[in-house]
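S.K.: Here you go, one structure.
The values are calculated or read from the model by the stated rules, or taken from the named source; none is laboratory data. These numbers were taken from a predicted model, which means no experiment stands behind them. Cβ placement follows ideal geometry from the backbone for every residue including glycine, while neighbour counts extend to all protein chains displayed.
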C-alpha cells in the first residue's frame, strides 16, 4: 500500500504542482461564476509524486462562455465542448478546457455520437475510464474532488473501472465498450504505474474486445510502444495475453505461443518465457523481443526469410514504421537459430551477415537474454569486427576495376560477392593484397 499523506499534505502537493497558467485559467472561470477544475492524469500523477504531463481543465461554463472570457482561444472541438486557451507563447502555454458533459452512445467505439452540456462534475467524472483518472482538483477552492475513491485506489496500487453503478465489472464493460482504446489504456496503466488491475475490471476487457477491433491500428501500435517503454512491459502484456488482446491485435503472435509450446514445455511456459524476454530487453530491442515467437521453432543456421516476412507483414498491419518492421523482421528471422546447439565460427559469421551489422548487436543481446549457446561466440565476432558485408572488405569494386583492368558491370559485383563469401569463411583473408589475388584467380 502507498500512503499519500493526510489531506493537508495532499492539497499542498496539488497546489505546488498546478502550473501558474492553468491556475490562472481556473481562477478566471471561477471568478465569473463557473466551477473549473483540473482533471485526469495530471491530478493522479501529482498525487503520486510523478511529474504530470498535460494539465486539462473541466468547467461548468459552456464553450461560448469560455471563449468570451479569454482573449486568445482556439475552438479545438466545440462539438465536444473543448476550447484551447492560449496564455502565452509556445504550446506549453496552451490550456485545454472542456465543458462538463454527459455522453451518448459510441457508435464508432471511439467518440460519443453526441454530448450533453450542463451536467454536474460528478457525472462528468463518471464517464472516464478508471477511478484513478476520475479525480479533480479545484484550485480556486483548494479542494480535491474524489467521488469514486480514486485516492484509495492509488494507495491500494489498484486500477478499477469507474462508473455510476458502482458495479466494477458492469462499469468496466460499459467504459471499455464505449471506447475500445480504453482497453489498451487500462493495461498500459498497469505497467506505467506498476499497479495491479482489479479482477472485475480485467474481466470487463474480453466483452469489450469488439470495440477494440474498431480502433485504428495506429492508435493500437502507439499504445504498444508506450507499453514497451515501461520498466516492466510484462505487467501489461501478461494481462493483454490472458484477456485476448494479443489474440485480437497480434493473432500471428498468439499462434506462435502454441507453436513454441513444445520447445518451452507447454503454452504457459512459452508465454512466461516471452514475458521474461521482453522485460530483459532494452530500448529498440523491446519490439523484436515481443515478436520473436513469430519464428518457426525449427533449428536453422541461416536467417528464416519466411519468418522475416511474417513479422514484417504483422507489424505493417499495425502501422509500425518501416525502420521498426525491417529491424524487428530480421531479428525474428534469426530466432530459431537459438535452437541450434553447435556452431562453427564461419556459420555464425554467415548468420550475422544475414542479420547485418546494424542489427547484430541487438541480436546478440536478445540471444544472451534467451541464454542461447550462440550468444557469446557471436558477441566475440561482432566485437572483433570480423567483416560481414561488402562495405567491410579491404577492397572496393573500384579497386578491382583498377587492379584487374575490368570493365564496370555485373562481373565486378559477382567478384565482390565471392570475396565476401571467402572472408566470411576466413576473415584473415581480408587484406587488399589477398583479396586482389583471389579476385584475379576468380576472373581468369
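S.K.: So, of the residues in region 8-30 that are assigned to a helix (DSSP H, G or I) and without any contact (Cβ under 8 Å) to a residue 40 or more places away in the chain, which turns out to be surrounded by the most Cβ atoms within 10 Å (Cβ to Cβ)?
M.R.: 17
S.K.: Can you pull out every residue in region 167-195 that is in contact with a strand residue (DSSP E or B) (Cβ under 9 Å, 6 or more places away or on another chain) and farther than 14 Å from residue 243 by Cβ?
M.R.: Those that are in contact with a strand residue (DSSP E or B) (Cβ under 9 Å, 6 or more places away or on another chain) and farther than 14 Å from residue 243 by Cβ: 168, 170, 171, 174, 175, 178, 189, 193, 195.
S.K.: Then there's this: Being within 15 Å of residue 440 (Cβ to Cβ), part of a helix (DSSP H, G or I) and in contact with a helix residue (DSSP H, G or I) (Cβ under 8 Å, 6 or more places away or on another chain) is the filter here; which residues of region 375-416 pass it?
M.R.: Once the filter is applied, which keeps residues that are within 15 Å of residue 440 (Cβ to Cβ), part of a helix (DSSP H, G or I) and in contact with a helix residue (DSSP H, G or I) (Cβ under 8 Å, 6 or more places away or on another chain), region 375-416 yields 397, 399, 400, 401, 403, 404, 411, 412, 415, 416.
S.K.: Then there's this: Which of the residues that make up region 314-345 are modelled with pLDDT of 95 or more and either exposed (fewer than 15 other Cβ atoms within 10 Å of the Cβ) or in contact with a strand residue (DSSP E or B) (Cβ under 7 Å, 6 or more places away or on another chain) (or both)?
M.R.: 344
S.K.: Considering only residues that are in a helix (DSSP H, G or I) and touching a strand residue (DSSP E or B) at 6+ places or on another chain (Cβ under 8 Å), look in region 48-74 and name the one that is surrounded by the fewest Cβ atoms within 10 Å (Cβ to Cβ).
M.R.: 67
S.K.: Taking only region 281-298 into account, find how many residues are part of a helix (DSSP H, G or I), out of contact with any helix residue (DSSP H, G or I) (no Cβ under 6 Å at 6 or more places or on another chain) and in contact (Cβ under 8 Å) with a residue 24 or more places away in the chain.
M.R.: Summing the residues that are part of a helix (DSSP H, G or I), out of contact with any helix residue (DSSP H, G or I) (no Cβ under 6 Å at 6 or more places or on another chain) and in contact (Cβ under 8 Å) with a residue 24 or more places away in the chain in region 281-298 gives 1.
S.K.: Residue check: is residue 420 part of a helix (DSSP H, G or I), touching a residue at least 60 places away in the same chain (Cβ under 8 Å), surrounded by 14 or more Cβ atoms within 10 Å (Cβ to Cβ) and not assigned by TED's automatic domain parsing to the domain that holds residue 284?
M.R.: It is true that residue 420 is part of a helix (DSSP H, G or I), touching a residue at least 60 places away in the same chain (Cβ under 8 Å), surrounded by 14 or more Cβ atoms within 10 Å (Cβ to Cβ) and not assigned by TED's automatic domain parsing to the domain that holds residue 284.
S.K.: With respect to residue 218, is the statement that it is outside any loop (DSSP other than H, G, I, E, B), over 27 Å from residue 270 (Cα atoms) and not assigned by TED's automatic domain parsing to the domain that holds residue 295 true?
M.R.: When the stated conditions are applied, residue 218 passes them.
S.K.: Are any of the residues in region 248-262 touching a residue at least 40 places away in the same chain (Cβ under 8 Å) and closer than 21 Å to residue 159 by Cα?
M.R.: no
S.K.: Looking only at region 318-351, count every residue that is under 27 Å from the mean Cα position of the chain (by Cα) and either within 16 Å of residue 298 (Cβ to Cβ) or assigned to a helix (DSSP H, G or I) (or both) and tell me the total.
M.R.: Count: 17.
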